Amino acid sequence: MAKIVFWSPEKGVSGCTHVAIAVSSLMGITHKTSCLLIDANSNAKKIASSYTLYDDLINANSFNDTNLGMNAIMRLIKSNKLSPDVIQNYSKPVLKGRLDILYSAIANTTVETRENLTSMSLIAKNAAELYDIVFVDLPKTTTDDGALRVLSQADVVVCVVPQEIEKLNNVLKKINDVDELKDKKKIFVLGNYESGSKYNIFNVKLKYKLPEPIYVLPHNYLFADACNDGNVLDFLYRNINAPAKDYNGEFILRTTEIVEEIAKTLKIKE
């Protein structure tokens, strides 16, 4: 069904993957949807290690397993055997019936990296035939045709932007210059957000007057620790009912706001 892409045009912008992990996980927890989170960044391990302890992944040889993740999918594409069912077969269930993750590909050359990204739109299209929502954590670029093709096919693009004004000016200009995003449903998220900054969400909204909604994902070191320890789902479940003024409660609240904006756009009910 729907394809949601998390993306930023500039490599120096941090927090994009954390936004993808938080939003897709909370969507799976709070809504009756089948979701797939695809790690489109070659040689990346952050998404996989957010749900399973990194050392356990290494000991199980998960990143080199040809029967799991993007490596297996790429092999099937080359033999013209890709289908929605096999994408699920090579994905890792982390929340039964609600959330699977597709590990990133191992790429040894820039050519392989480009091939992986070129195939991503086909993978997401097939996955969307089986899952209610396909989330894609896309590499930060505006120059790769494969990435631009994914953006053009997305139902919603979550644009993760920095809180620093100098960088924000440049990032917003780059986003505005991407033809594939013209008339596209976009959601802006200030990543690693610090509410005490002079450039808080209220001042950013006032300064830029963007027609699209703007949300935040607060910097939360406990969530970051959970990503490092493979305990993201445990973190979210433990804090799901925390008061909004609580440190973790605010993180849940802000993540929920993004989830609900996506759900409203896609007409998804709890």
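When 207, 269 are checked against the criterion of being exposed (fewer than 15 other Cβ atoms within 10 Å of the Cβ), closer than 26 Å to residue 2 by Cα and either at pLDDT below 95 or not polar (S, T, N, Q) (or both), 269 stands alone in meeting it.
All conditions in (1) free of Cβ contacts under 8 Å to residues at least 60 places away in the same chain; (2) in contact with a His (Cβ under 9 Å, 6 or more places away or on another chain) hold for residue 203, with the sole exception of (2).
Condition first: in contact (Cβ under 8 Å) with a residue 40 or more places away in the chain, closer than 18 Å to residue 46 by Cβ and surrounded by 14 or more Cβ atoms within 10 Å (Cβ to Cβ). Now tell me which residues in the range 61-81 satisfy that. Passing the criteria: 62, 63, 70.
Every residue, every condition in (1) touching a residue at least 60 places away in the same chain (Cβ under 8 Å); (2) farther than 21 Å from residue 24 by Cα; (3) surrounded by 19 or more Cβ atoms within 10 Å (Cβ to Cβ); (4) under 21 Å from the mean Cα position of the chain (by Cα), yes or no:
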position	(1), (2), (3), (4)
59	no, yes, no, no
83	no, yes, no, no
99	yes, no, yes, yes
103	yes, no, yes, yes
114	no, yes, no, yes
137	yes, no, yes, yes
159	yes, no, yes, yes
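If the condition is being free of Cβ contacts under 8 Å to residues at least 40 places away in the same chain, among the polar types (S, T, N, Q), over 16 Å from residue 192 (Cα atoms) and in a helix (DSSP H, G or I), then the range 234-266 contributes only 239. Look at the range 22-33: where a residue is under 14 Å from residue 266 (Cα atoms) and in contact (Cβ under 8 Å) with a residue 60 or more places away in the chain and a partner is outside any helix (DSSP H, G or I) and among the acidic types (Asp, Glu), sitting 6+ places away or on another chain with Cβ atoms under 8 Å, you get 31/270; 32/270; 33/132.
Within the range 97-130, the residues that satisfy the criterion of being assigned to a loop (DSSP other than H, G, I, E, B), among the polar types (S, T, N, Q) and touching a helix residue (DSSP H, G or I) at 6+ places or on another chain (Cβ under 7 Å) are 104, 119. What do you reckon, is residue 212 surrounded by fewer than 17 Cβ atoms within 10 Å (Cβ to Cβ), part of a loop (DSSP other than H, G, I, E, B) and either touching a residue at least 24 places away in the same chain (Cβ under 8 Å) or in contact with a Pro (Cβ under 9 Å, 6 or more places away or on another chain) (or both)? So residue 212 passes the test.
Filtered by the rule that a residue be in a loop (DSSP other than H, G, I, E, B) and under 17 Å from the mean Cα position of the chain (by Cα), the range 185-209 gives a lone residue, 185. Give the residues of the range 131-174 that are within 19 Å of residue 203 (Cβ to Cβ) and either in a loop (DSSP other than H, G, I, E, B) or aliphatic (A, V, I, L, M) (or both), sorted by residue number. Residues satisfying the conditions are 160, 161, 162, 163, 164, 165, 168, 171, 172. Working only within the range 32-49, note down all residues that are out of contact with any strand residue (DSSP E or B) (no Cβ under 9 Å at 6 or more places or on another chain) and either crowded, with 20+ Cβ neighbours inside 10 Å or more than 19 Å from residue 128 (Cα to Cα) (or both). Result: 42, 43, 49.
The values are calculated or read from the model by the stated rules, or taken from the named source; none is laboratory data. No experiment lies behind these values; they were computed from the predicted model shown. Ideal geometry is used to build each Cβ from the backbone, glycine not excepted, and the neighbour counts take in all protein chains shown.
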